[in-house]
Structures are given as structure tokens and as C-alpha cells.
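To keep things clear, I will list the structure first and then write my remarks on it.
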Amino acid sequence: MRYLWYRILCVQLSWVALDSSAWDGGAVEVTIPRHVDDETTGDRLRRWADEWIRMVRVAVSPSDQPKTGQIYDIIGPQNLFGEESLFINLGYWANDPVTLDEASRDLARLVARTAELNKSDIVVDCGPGYGDQDILWAKEFGPKHITGVNLASEQIEIATRRVKEAGLGKRIDYVQASATALPQEDASCTKVLALESAFHFPSRVDFFAEALRVLKPGGRLVTADIVPKRTPLNALARAEVSRRGWRQASARAVRQAVDLIGYRDLLLDVGFAHALTRCISDDVYPPLGRFLRTRLRDPDMRHVNPVLRYTFTPLGFQLTALNTDYIVAMAQKA
Ligand SMILES: C[S@@+](CC[C@H](N)C(=O)[O-])C[C@H]1O[C@@H](n2cnc3c(N)ncnc32)[C@H](O)[C@@H]1O
């Protein structure tokens, strides 16, 4: 359970203050639902209490199923940190974006460029959040079709509404499923993308195997992902993996051994013909920490649940950067 909390708290969450906004990559107006405009202090305290209670209930409920979808739905759009998007990622800050929204878009673009996303692509997007990335990809890179696979039902509902508003309802749709059991047929798509979501999936071994299965020959998997750093502390996990193999090792050992190098090994072990991983931590953690130092003081951040607000302090990011690498990975099917 601590792992789930850690992962949830590692994600960047953005609260959005506008009913609708012009989207940077084109003149697309998409609704940004807000539930907190007219909230009194009392309402806000009651909402936070309700969110905490629901979180604890989900956390302690005796289920073997992944709980991340339910937890994201509890966090909802009301607890996000952005200003004019519903992205839920840490952003890519190499080009000095001014806002988290722009940094998040840059991260989506980095994933698309790494995938060489183009007009002939059939995309499976694993962990699409509220759909901002799909709208951006459709507008800027023009793939034929995108299917978002997500566990969070409220996210699916909101994303579906937003892509329709953007006039992209025929090119983007969503299904409720886990990325580790994709509903797509074998060899049915050309790109599988996972933008800051694979660290939530119950098993990267299963996810990579599923991505390989649904990709056509020559297709690509690209992820922006958060992995443990290689340190002496996880040497035992690596030893277990090399002794028993990725598929037979315990889930805990696999999770700790999937570092920058292990990630590539696992992609190749699962059956991809080529795989590359690149660490982009320096363009994610320190600049985001600096940005949040001021963003967290903005009056509109008052609406964000304090548990989330106080997790994303510069110190929090320094600690995260000590333990984890932020990576971009690309793997190609033969
Ligand atoms: C950190 S958010 C990123 C959302 C979006 N990619 C973005 O950048 O704004 C992680 C996403 O992964 C989804 N997710 C978590 N576990 C999943 C699973 N097993 N299968 C599919 N999606 C999952 C969550 O519901 C959420 O949409």
C-alpha cells in the first residue's frame, strides 16, 4: 500500500481554474470541468475530509485489482496543479516553458517525437488521463486513430466529452481496461504510448508483453516513466532477476531492478528487437521543483487537498530525484 501511495504522490497533479480555454496547439476549445469555483471554506474542508475518507477506504479495501483508477477518480480535476489543462504529469522543462501546462505539452510532444508519430498511425494510449495528450497528438501529429486505455472511469467520461468538443470524437476513443490486459487484437496497432503512467501498472513485464502483442511488425512502444535509481540498495533485486529471469523473479524484485539499464534489458527480454532508454531527470525534477516554489503560493492552489499540495515541495522533489530516474524509453517490434 505504501508503494501505491508513493506512486500516487509522485505524480504531478494540477488544479485548473478556467471553465474553458484555448488550447495552445490549435484553436480547440475544450471544457475544463471545475467543481470548486463557488466553494466556501466549509465546503472545501468537507470535500477534503470526504476525499481522505474515500482514499483510505480504497486503500484498505481487500481487492486484488489495481486501485489506481479509483484513486485518480477521487483526486479528480479539482486537485490538479495546472492553469489551463488537465494534464497530470511532471512536464518536460528543457525548453524553459513558463507554465506546467506547457511543460506537460512538451512532455507529450517528446513522447510523440520519440515514437515518430505520424498520419498513418493507429495508437493505443495507455493511461491517457483526461485526454489532453490525445487531443495534442491528434492535432499536431495527425495519427489515424487513438484508443485510450484507462482504469479511471471518471477520467474516461471527461476525456470522451472533451475530445468530442474538440471535434475529434471519430479519431479518439476510450476503453476501460488495464494496460496489462489490453482489449486490442494481436498486431492491430502501430504505436503504443504510455505518458507517465507505466509506473502505476501492476506489472511492467505484462505491460511490455501486451504492447508487443498488439503492435504490428515494425511498431513502437514509447514510455515516459519513473524508475528506481541503480544503487547498492537494490543489488539483491538485480541478483534475483539475473538468477531467476524477469518472468520468474518476484514482482518486488522486478520493480526494483527495472532501472535505466534494467528497463532496456526487460524490453529486449520480452521480445522487442531494439530498445533504448534515456534519462531526462535533470529536465524534469529540478525545474519543476523551482516552478512549484512559486506556483504553490498562488491563491487558486488553496483548493488543492493539502496532502497533495504539501507533497510537491522542492524538498519532496529533491528526495524523489535521489531515489528515481525519469526516463523516456523506446522499443521496436521486429
Ligand atoms: C500520472 S497519470 C498520467 C495521465 C496522462 N498521461 C497525463 O500525462 O496527463 C497516470 C494515468 O495512468 C492511468 N492508469 C493507472 N493504472 C493503469 C492501468 N493499469 N491501466 C491503464 N491506465 C492506468 C491513470 O488512471 C492515469 O490516467
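The values are calculated or read from the model by the stated rules, or taken from the named source; none is laboratory data. Just so it is clear, the structure is predicted and the values come from calculations on it, not from any experiment. Using ideal geometry, Cβ is built from the backbone for each residue, glycine included, and neighbour counts are taken over all protein chains shown.
Between GLN176, GLN155, GLN133, the distinction of being within 25 Å of GLN332 (Cβ to Cβ) and touching a residue at least 24 places away in the same chain (Cβ under 8 Å) belongs to GLN133 only. In region 231-243, the residues that are surrounded by 13 or more Cβ atoms within 10 Å (Cβ to Cβ) reach residues that are polar (S, T, N, Q) with C-beta atoms within less than 7 angstrom, at least six apart or across chains, in these pairs: ASN234/GLN256; ALA237/GLN256; GLU240/SER250.
Across region 220-249, the number of residues qualifying as outside any strand (DSSP E or B) and within 15 Å of the ligand (Cβ to nearest atom) comes to 0. Those helices (runs of 4 or more DSSP H) of region 87-173 in which 2 or more residues are among the basic types (Lys, Arg) and surrounded by fewer than 23 Cβ atoms within 10 Å (Cβ to Cβ) occupy 100-115, 153-165. Of everything in region 190-219 that is in a strand (DSSP E or B), surrounded by 22 or more Cβ atoms within 10 Å (Cβ to Cβ) and over 17 Å from the mean Cα position of the chain (by Cα), the residue that is nearest to the ligand (Cβ to nearest atom) is LEU215.
Within region 44-82, how many residues turn out to be in a loop (DSSP other than H, G, I, E, B), within 11 Å of the ligand (Cβ to nearest atom) and modelled with pLDDT under 85?
Summing the residues that are in a loop (DSSP other than H, G, I, E, B), within 11 Å of the ligand (Cβ to nearest atom) and modelled with pLDDT under 85 in region 44-82 gives 3.
Within the set ILE261, ILE226, the sole residue that is at pLDDT 95 or above, farther than 22 Å from TYR72 by Cβ and either β-branched (Val, Ile, Thr) or in contact with a Ser or Thr (Cβ under 7 Å, 6 or more places away or on another chain) (or both) turns out to be ILE261. Taken over region 105-153, the criterion of being away from the ligand (no atom under 15 Å from the Cβ) and among the hydroxyl-bearing types (Ser, Thr, Tyr) is satisfied by SER120 alone.
For beta carbons closer than 6 Å, sequence separation of 6+ or different chains, a first residue in region 71-94 that is farther than 24 Å from ILE327 by Cα and a second that is of a type in the set (Ser, Thr, Tyr) and more than 8 Å from the ligand (Cβ to nearest atom), the qualifying pairs are GLU83/THR99; GLU84/SER21.
For region 272-283, the criterion of being surrounded by 20 or more Cβ atoms within 10 Å (Cβ to Cβ) and closer than 13 Å to ALA331 by Cα is met by at least one residue.
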